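The values are calculated or read from the model by the stated rules, or taken from the named source; none is laboratory data. Predicted model, so just to flag it, every value in this text is computed and none were measured. Every residue, glycine as well, gets a Cβ built from its backbone with ideal geometry; the counts of neighbours run over all protein chains shown. Ligands, DNA and RNA are stripped out before the accessible areas are found, and what is left, the full protein with its side chains, is counted by its heavy atoms. Shrake-Rupley method; radii C 1.70, N 1.55, O 1.52, S 1.80 Å.
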Amino acid sequence: MTRAIRDEVPAYRRPLDSAAGRDLTESIRRAALQVVELFEHPDSAQDHHPATG
């Protein structure tokens, strides 16, 4: 996922140990956990996840 995003979004091509890189990897980690949660509990409320955007 990281590679695909970095290939498509120039702003995320900075080193992964930069602020942008850390934000990217943390966002991917949170998104992956949310997807797993939705698979395990598809009817659960999702309001405990921070809003993005």
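When the residues of the range 39-53 are filtered to those that are open to solvent by 60 Å² or more (accessible area, probe 1.4 Å), under 20 Å from residue 1 (Cβ atoms) and within 15 Å of the chain's Cα centre (by Cα), the one that is modelled with the highest pLDDT is 50. Can you tell me which residue is farthest from the chain's Cα centre (by Cα) among those in the range 20-31 that are open to solvent by less than 40 Å² (accessible area, probe 1.4 Å) and of a type in the set (A, V, I, L, M, F, W, C)? Selected residue: 20. Restricting the range 1-19 to residues that are in a helix (DSSP H, G or I) and over 14 Å from the mean Cα position of the chain (by Cα) leaves a set whose member that is surrounded by the most Cβ atoms within 10 Å (Cβ to Cβ) is 13.
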